[in-house]
1. Under the rule of at least 5 residues apart or a separate chain, name every residue whose amide H is placed under 5 Å from the amide H of Cys80.
2. Would you grab the residues whose amide H sits under 5 Å from the one on Met211? Only those 5+ places off in sequence or on another chain, please, with H modelled 1.01 Å from N.
3. Which whole-angstrom value gives the distance between the alpha carbon centres of the stretch 237-295 and the stretch 309-335?
4. Count neighbours as other Cβ atoms within 10 Å of each site's Cβ, and list the trypsin sites (Lys or Arg not before Pro) in the stretch 229-309 that are DSSP loop with at most 16 such neighbours.
5. Looking at this model, which pairs from Lys286/Lys362; Lys44/Lys200; Lys21/Lys203; Lys279/Lys322; Lys43/Lys308; Lys44/Lys286 are more than 31 angstrom apart at the alpha-carbon?
6. First select every other residue whose beta carbon is under 12 angstrom from the beta carbon of Tyr324; then total the charges, Lys and Arg +1, Asp and Glu -1.
7. Rounded to the nearest 0.05, what FRET efficiency is calculated for Gln310 and Ala11 with R0 set to 35 Å and r the Cβ-Cβ distance?
8. Quick one: net charge around Thr347, please, counting Lys, Arg +1 and Asp, Glu -1 for every other residue with C-beta under 9 Å from its C-beta.
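Since every read-out is calculated from the coordinates, none of them should be taken as a lab result. Quick caveat, the model's predicted, so the values are computed rather than measured. All Cβ positions, even for glycine, are placed from backbone atoms using ideal geometry, and neighbour counts span all protein chains on display.
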Amino acid sequence: MDFSWSEEQAAFRKEVIRFAKEELNDDVARRDRDEEFPFDFWKKCAAFGIQGLPVPPEYGGGGADTLTTVCALEALGYGCKDNGFLFLLERAHVDHGDSVDGVRHRRAETPVPAEVDQRGMDRAALHDRAGFRFGRLQPEDSGGTQGRPLCDQWQQDVHHHTIYGDLFIVFANVDPSKGANGVTGFLIEKGTPGLVVGQKLHKMGLRTSPMSEVALVDCEVPAENILGKEGSGQAIFTHSMEWERTCILASHLGMMQRLQETCVKYARERRQFGEPIGKYSAIGNKIADMEVRLESGRLLVYKAAWLKSQGRHALREASMAKLYVSEACVQSCLDAIQIHGGYGYMTEYEMERDLRDAISGKLYSGTSEIQRVIIAGFHGL
Ligand SMILES: Cc1cc2nc3c(=O)[nH]c(=O)nc-3n(C[C@H](O)[C@H](O)[C@H](O)COP(=O)(O)OP(=O)(O)OC[C@H]3O[C@@H](n4cnc5c(N)ncnc54)[C@H](O)[C@@H]3O)c2cc1C
């Protein structure tokens, strides 16, 4: 086993941290208060090559493997304090992943050359069938998947999604009689009649990444917008969830390292009753626990990413990584606030924002409960 980054990865990591610290930290507190997305940061990241990092070079991307992508995302989480912005960046990777999966899927099934637009999204024609009409889908309409954890997300796609971007990825059950085999993935372009972007949703955290309700009301989607082929949605979804759950919390690892370093510094400097507070085991233990959580989270995320970089399945490992890091990060945020005493509660110290941002990690991309269902499911439970 080799637990070290390659020379190139280590140099890239350093460069990403420098970039994030210098370019992505302006005005975070105000934007958090005003729920403002930093579009200029988005453009800077695009110029740096972040959004396209894991996209294959033939589609204009950086061709990085999953491990290198995780390395970059962790570095971003360490250098950049705007977790909401990073959440959207990570979603960009997920969306690319989804579409790339669709491309791969289609290639396996139908040898049609891909036409890829500048966002790396595939819109190649797959079928010459007429199209699909969606009504306003309610959870029960989209397949009834209680107890089938891998399906909870595509129900949700119908209801809300981040509004940045011009393409929506929707998984819908077009033939419920086939169960999961009736699920098909679609790309729906902004502006398609019947795709209704509704009211803005106000969130406790990740406030710099705006979200709105999205509904499909008698929405007609041309068949060429199918991802993969009809009925292959479940496989594409599972594949992209594996990717998402491996990568989406890598930035939390960076955040955890940043918090840990801040706490060590504070515990050394802040004196009470004649001693630095870090000398009291109640505080030292918290710092030790933060460190153990960080290293354990890294091992889980790196293992899942390594498996995927080897082209191997990582469904169970990705769920374990997602579950552990999301919960560990919340606990470390709480510890960081506690270590800072009253100051930790003040917005100026920025930890309350990290906590608000971190809580969402237990919800999106499948809740903690669903990750446990998936993991137990590997034992037939
Ligand atoms: C910041 C944020 C961003 C998001 N982005 C997206 C997005 O881009 N795309 C998207 O599709 N969705 C997105 N979501 C939605 C998110 O995936 C869902 O909220 C989540 O999957 C839970 O679904 P739900 O809200 O319907 O809760 P419910 O399914 O109603 O669950 C309620 C509670 O019951 C538990 N529960 C439900 N079923 C089971 C079960 N079988 N076993 C045990 N416990 C169970 C849940 O864990 C939860 O605690 C986002 C959510 C947030 C907070």
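1. Excluding prolines and chain starts, which carry no amide H, there are no hits.
2. Leu201
3. About 15 Å separates the Cα centre of the stretch 237-295 from the one of the stretch 309-335.
4. Filter output for the stretch 229-309: Arg270.
5. Values: Lys286/Lys362 21 Å; Lys44/Lys200 26 Å; Lys21/Lys203 25 Å; Lys279/Lys322 33 Å; Lys43/Lys308 28 Å; Lys44/Lys286 37 Å.
Pairs exceeding the cut-off: Lys279/Lys322; Lys44/Lys286.
6. Values: positive: Arg245, Arg293, Arg298, Lys303, Lys322, Lys362, Arg372; negative: Glu295, Glu317, Glu327.
Net of charged neighbours comes to +4.
7. Values: r = 23 Å, r/R0 = 0.65.
Plugging the Cβ-Cβ distance into 1/(1 + (r/R0)^6) gives 0.95.
8. On the way: positive: Arg33, Arg353; negative: Asp32, Glu348, Glu350, Glu352.
Net of charged neighbours comes to -2.
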